[in-house]
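Participant: Please see the structure below; I have some questions.
The values are calculated or read from the model by the stated rules, or taken from the named source; none is laboratory data. Values in this document were obtained by computation on a predicted structure and should not be read as measured data. Cβ placement follows ideal geometry from the backbone for every residue including glycine, while neighbour counts extend to all protein chains displayed. Please note that ligands, DNA and RNA were not included when accessible areas were found on the heavy atoms of the full protein model with its side chains. Shrake-Rupley method; radii C 1.70, N 1.55, O 1.52, S 1.80 Å.
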Amino acid sequence: MIKKLFLPLLACFCSSPVCSQTTAAQDDNIKLLVGTYTEGGNSQGIYLFNFNQSTGTYQLVSGAEAHNPSFITLSKDKKHVYAVSEYNDGRQGIYSFRLDEDKNQLINPVFLKNYTETKDKADDKKTGGDPCHIRQVGHHVITANYTGGSMSVAELTDKGELKELKKVFSFQNKASEKVSHIHCIIPSPDGLHLFATDLGMDCIYRFDAHPEAQGTTNQVIDNIKMAYRGKQGSGPRHLTFHPNGKYAYLINELNGEAVVFAYQGGELKEVQTIMADEGKGGGSADIHVSPDGRFLYASHRLKKDGLSIFTIDTTTGKITKVGYQKTAKHPRNFNITPNGKFLLVAGRDNNVIEIFKRNEQTGKLKKIKKGIAVSKPVCVEFLTL
């Protein structure tokens, strides 16, 4: 979509010595999708790159115009991309795009508001305010709405495009002085549950998931329960599961702690809590396990921006800190290539995606000198071909 809009940027993106042609095996060539903030910067929306996960080389391919697509996700069939539009003034919503046959362009854009308009329009806008995370569950996509304190559920067509808003789950409690801030939504490894972190209420919710649900009579998620109650003021933000499905890891934004859970049958049992944010800036952001399941990484902002590095005891799930890697300013989201060789960090306030080569034996990181220049990058997602 709107390919011509991005052509002038090619020279800028490929000026890095890291950007080059490669003769590596086809399996090493993957796609890199980047979500950004378009407000207050020069980004036009979502960017699509070729990325070689053996050499770390890259090349800008195309882009799609979207407004504040700060978080994106790929459909399970790898044919569609879904993105939030992060606003809280009535412009907020959800995008769907289809990837063309060659996976080189995002086409057929569809936009849907993530809130229902009623007579009280002011409250409507607040309900879906600041969608910041999105996941597909069966025939639906679900957004976590930060200032809205809610989750929006939108149904997809048989072609994978956005169809209509089905339900908004609101977590606001007028009897409480606290305010809900839903930050991420993560399916369980078996797909039977959906977990949602509430940064404002210091907890994690659990839903039963029904990926097969379609139409008006069935709900894709229901039966909400409290899965975990964290420390007051801890601010649960992002959750991830270990590749073996036995453990889960939480990063708390406000107190900077990482929490380790044993996971079984929809139940989270806390087994360890450890300080992750060396700068103690109150801005911890994202958390991921390496593909081999041996290392855990968490990003931190506002003070001593960087990544904490942990080894994982695969028999207990417990973690031990082994390092801390400084990064560009405001590292919100990061991701690890499927083969585990590289870790890419979106440095929002330095307008760069840093590329780090991973030592697969120690977990330590070494920065490649030139990263990828992108205005206000927020989210990095990989697509294997």
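Participant: Pull out the extension gain between Glu212 and Thr273, defined as 0.36 nm times the separation in residues minus the alpha carbon to alpha carbon distance; nm, one decimal. Don't jump to the answer; show the numbers that get you there.
Facilitator: On the way: separation 61, 0.36 × 61 = 21.96 nm, distance 3.60 nm.
Additional length available on full extension: 18.4 nm.
Participant: With Cα Rg over 2.2 N^0.38 Å defined as stated, name the option among (i) 0.93; (ii) 1.14; (iii) 0.98 computed from the structure displayed.
Facilitator: Matching entry in (i) 0.93; (ii) 1.14; (iii) 0.98: (i).
Participant: Something else: Which residues in region 26-58 place their backbone N less than 19 Å from a point set 7 Å from the Cα of Val322 along the Cα-to-Cβ direction?
Facilitator: none
Participant: To continue, here is another question. Calculate one ³J(HN,Hα) per residue across region 86-95 by plugging θ = phi - 60° into the Karplus curve 6.51 cos²θ - 1.76 cosθ + 1.60, and present them in order as whole Hz with x for glycine and proline.
Facilitator: 7, 9, 9, 10, x, 8, 5, x, 9, 10
Participant: What is the chain's relative contact order, in percent, from Cα pairs under 8 angstrom and six or more apart in sequence? Kindly include the intermediate steps, with their values, before the conclusion.
Facilitator: Working: 1136 pairs, mean separation 45.6, N = 385.
That works out to 12 percent.
Participant: Let me ask another. Whose amide H sits under 5 Å from the amide H of Lys326, counting only residues 5 or more places off or on another chain, with H placed in the peptide plane?
Facilitator: The answer is Leu307.
Participant: Looking at the chain as a GNM with Cα springs under 10 Å, which of Val61, Val84, Val289 has the largest mean-square fluctuation?
Facilitator: Of the options given, Val61 has the highest mean-square fluctuation.
Participant: Using alpha-carbon positions, what is the distance between the centroids of region 309-323 and region 139-208, in Å?
Facilitator: Distance between centres, Cα-based: 30 Å.
Participant: Which value at 222 nm does the chain reach when only helices count, each DSSP H run of 4 or more adding -39,500 (n - 2.57), with the total divided by all residues and rounded to the nearest 500 deg cm²/dmol?
Facilitator: -500 deg cm²/dmol
Participant: Within the set Lys231/Lys321; Lys329/Lys364; Lys113/Lys225; Lys78/Lys113; Lys76/Lys321; Lys159/Lys269, which residue pairs have Cα atoms separated by over 29 Å?
Facilitator: Pairs exceeding the cut-off: Lys76/Lys321; Lys159/Lys269.
Participant: For Asn108 and Lys225, compute 0.36 nm times the residue count separating them, minus their Cα-Cα distance, and round to one decimal in nm.
Facilitator: 38.4 nm
Participant: Separate question: Using θ = phi - 60° and the Karplus curve 6.51 cos²θ - 1.76 cosθ + 1.60, what whole-Hz ³J(HN,Hα) does each residue of region 301-310 get, with Gly and Pro shown as x?
Facilitator: So the J values, rounded to whole Hz, are 10, 6, 9, 6, 3, x, 10, 8, 10, 10.
Participant: Using modelled backbone amide H atoms (1.01 Å from N, in-plane), which distant-in-sequence or interchain residues come within less than 5 Å of Leu99's amide H?
Facilitator: Under 5 Å from the amide H of Leu99: His80, Val81, Ile107.
Participant: Compute, for Met275, the solvent-accessible surface of its heavy atoms (probe 1.4 Å) with the complete set of protein chains present, and express it in square angstrom to the nearest 10.
Facilitator: The accessible area of Met275 comes to roughly 70 Å².
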